[in-house]
Amino acid sequence: LGPVQPRPLPPHRSSPDFPGSDHRASPRTMPLSSLLGDTLLTKDGEKKTDEVLAGKDVVALYLSAHWCGPCRMFTPAFSKTYEALKAANKPFETVFVSSDRDEGSFSGYYGEQPWTALPFAARDVKAKLSKKFKVQGIPTVVLLDGEGKTITANGRGVIANDPQGANFPWPKKSVHELLGGDEGEFLSQGDGDVTLKDLEGKTLGLYFSAHWCPPCKGFTPKLIEAYEAVKKTRDDFEIIFVSSDHSAAEFSAYAATMPWLAIPPNDKRKAALSEHFEVEGIPTFIMLGPDGEVINANARGAVMGDPEGASFPWPKPLVQDVDEGADDLNEMPCLVAFLSGLDDAGKAAAKEALAAVAKARVASAKAAGEDPEFAFYTVAKPDGPVSSQIRNLTGKARDSPGVASFILLDVQDNGAYFEGEGTEVTEDTVNKVLDGYKGGALLRKQLGGA
């Protein structure tokens, strides 16, 4: 909950990192019994999950451990919030999801807590929850509604900012509300301020940045170049600077270098937007459609590679070259197709097949109200910075001429990878690798050979 740090590559704390990896998406709908298993541990013994959580408007998943110092500091504060909500008869429950190393430690720590718990023996469920919600460290509080939809994965921040639960059930606000509604005002370089109503129908970019952040100062000129290029041909685009500067003077000096709008310093909208979009490092550049839907939660890389704005509004591509952008490598299972052994026509055909599979799977996930299961990457050259790291960690040799190959990376599974069969990239071979992974038919291997 401290100040945002200039961290362009937020680390994954338990597995090998890949350069350029960032995030953001939240899991959506999952029935609670399907998510947590059939039983939960209560102070009166094990009971059916559906019985324990029946009628609860909000369920908090508390990922914590006895050995974790910050957890032991946060637990008493969280317990007070829990007890306040219970005293007010609010339909709220918390489920402790333990990262303790043995059942004795779990039992001792759970004895200090007033809520329910996932049984310690359900290690497989614990691992799935950590993976689903992209848990990178503890303590973590994930807030779900009664249907299993994610309210926020930053429940710890919600609890810290509302220790008495006055804002329960902490409904997820729309982007329109977070920006202040129609009358929400923004500072302008022109005459007078601008309201959100004035921006109706426009595509918006939210630029989280600060004067003291070296990576920000490197990216800002590139963003200005792209912004001015787009504005030459269209007027349905605007950027809003969301500052992490330490003083009004620093803010004013930095904002003066930018041709777009800004949220005033010390404005509460800054914290709300950072929490909503789970901004963990700066610079972060988020593209939003006129309806407030996220076009790209990490558009920085797209802008860096497109200073003329030809690819505006910089949507997240279905398939990326891993050496040009690796936003998801640490966050979700990623299929990496090694194409460096193919000629240009072969590479084009392979990318077309990958894009077709990616498009179909994204559409299927969207129809089910879920986030995509996989990200798709290619390796076009043999010696790129990220692809070389993947080769080193997997022992992957260079591909022979005319031959393609697959590796499926699952960094969140304690640094796992899986090798797919086949030397051609077609829709059938790609789907075979993905379905084999989901069905447990592929042999799990460990990154780094451990």
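Of note:
- Global geometry of the range 166-298, whether rounded, prolate or oblate, following the gyration tensor of its Cα atoms and the 1.5 cut on a/c: rounded
- Placing +1 on the Cβ of every Lys and Arg and -1 on the Cβ of every Asp and Glu, with no other charges, gives the range 172-266 a dipole of roughly 440 debye about its Cα centre.
- In the range 250-367, lysine pairs with alpha-carbon atoms under 25 angstrom apart (chain gap of 8 or more, or interchain): 8
- Span per principal axis, largest first, for the Cα atoms of the range 329-450 (Å): 40, 37, 25
- Estimated at the nearest 10 Å², the accessible area of Trp115 is 0 Å² with a 1.4 Å probe.
- Between the residues Ala271, Ile295, Val322, the greatest Cα displacement towards the positive end of the dipole of the range 224-357, with unit charges on the Cβ of Lys, Arg, Asp and Glu, is found for Ala271.
- Cβ-Cβ FRET estimate between Gln446 and Ala356, R0 fixed at 30 Å, reported to 0.05: 0.45
- Contact order for the chain, expressed relative to its length and based on alpha carbon pairs under 8 Å spaced 6+ residues apart, stands at 16 percent.
- Taking Cα centre as origin and charging only the Cβ of basic (Lys, Arg, +1) and acidic (Asp, Glu, -1) residues, the dipole magnitude of the chain rounds to 1020 debye.
- Whole-angstrom gap from the range 119-142 to the range 377-429, using each part's C-alpha centre: 28
- Per-residue [θ]222 nm for the chain (sum of -39500 (n - 2.57) over DSSP H runs n ≥ 4, rounded to 500): -9500 deg cm²/dmol
- No disulfide-compatible partner, judged by a Cβ distance under 4.7 Å, exists for the following cysteines of the chain: Cys334.
- Estimated translational D of the range 228-374 in µm²/s (Stokes, Kirkwood radius over Cα pairs; 20 °C; 1.002 mPa s): 119
- Environment charge of Val52, counting only residues whose C-beta is closer than 13 Å and scoring Lys/Arg +1, Asp/Glu -1: -2
- Working note: Debye formula, equal point scatterers on the alpha-carbon atoms of the chain, no solvent; log10 I(q)/I(0) at q = 0.11, 0.13, 0.14 Å⁻¹ is -0.97, -1.28, -1.40.
- For Ala84 and Thr42, the FRET efficiency from 1/(1 + (r/R0)^6), where r spans their Cβ atoms and R0 equals 30 Å, is about 0.90.
- For Lys90, the accessible area of its heavy atoms, probed at 1.4 Å with every protein chain present, is near 80 square angstrom.
- Test item: Cα-centred dipole of the range 59-216, Lys/Arg +1 and Asp/Glu -1 on Cβ, debye: 780
- Here is the list for the range 206-310: trypsin sites (Lys or Arg not before Pro) lying in DSSP coil, each with at most 13 other C-beta atoms within 10 angstrom of its C-beta, are Lys232, Arg234.
The values are calculated or read from the model by the stated rules, or taken from the named source; none is laboratory data. Computed from a prediction, not measured in an experiment: that's the story for all the values here. We place every Cβ from the backbone using ideal geometry, glycine too, and count neighbours over all the protein chains shown. We work out accessible area using only protein heavy atoms, side chains counted, and drop any ligands, DNA or RNA first. Shrake-Rupley method; radii C 1.70, N 1.55, O 1.52, S 1.80 Å.
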